Amino acid sequence: MVRWLPVACTALLLCGCARHAAATDGRATVVRVIDGDTIVVRLAGSEEHVRLLGIDTPETHKQDTPVECYGPEASDRLNALLPAGTVVRLVRDVEARDRYGRLLAYVYRDRDGLFVDLAMVADGYAGPLAIAPNFAHRSELDAAAADARAARRGLWPACGGNHVPRGG
């Protein structure tokens, strides 16, 4: 029995790693939008909260925090891009989950390949949010934000021209 204990522990660890990798990459179906940068998806038979990587939108549901300027509009925009039932492709960066247990992923709409994170920034509904070590799309998100701000799209003119989402 004692001889099999290391083998059993190794097998459990490997199963856990395989499940973890499968849960952070691949196709999923949108169940609902929580706010402008968080969705719930059905992935591998269970529901998962997904935090869109590289972006931040004004708060609408953060405890003890008022609804921020352009928060409802950002939520509505993400809901328009990803209504319930939309199939998405989730692509991870370095970290699989955040401190709240949410999956961290770049989100692509499956039917047309739209890079949703980038669309939210380019249309002025989100700002870029770079948190180490997840920098895979940092330069293109920063460029899209600069363009949206210069063109005065979305939250940039609506929120006094200087609103930068705070993270979360």
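The values are calculated or read from the model by the stated rules, or taken from the named source; none is laboratory data. These figures come from a predicted structure and were not determined experimentally. Here Cβ is always computed from backbone atoms with ideal geometry, including for glycine, and neighbour counts include all displayed protein chains. Remember, those area values only see protein heavy atoms, side chains included, never the ligands or the DNA or RNA. Shrake-Rupley method; radii C 1.70, N 1.55, O 1.52, S 1.80 Å.
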So the strands (runs of 3 or more DSSP E) completely within the range 1-75 holding 2 or more residues that are among the β-branched types (Val, Ile, Thr) and modelled with pLDDT of 95 or more are 26-35, 38-43
Mind checking which residues of the range 57-89 are more than 25 Å from residue 42 (Cβ to Cβ) and among the acidic types (Asp, Glu)?
59, 64, 68, 73
Would you mention how many residues in the range 43-77 are open to solvent by less than 20 Å² (accessible area, probe 1.4 Å), β-branched (Val, Ile, Thr) and out of contact with any helix residue (DSSP H, G or I) (no Cβ under 8 Å at 6 or more places or on another chain)?
1
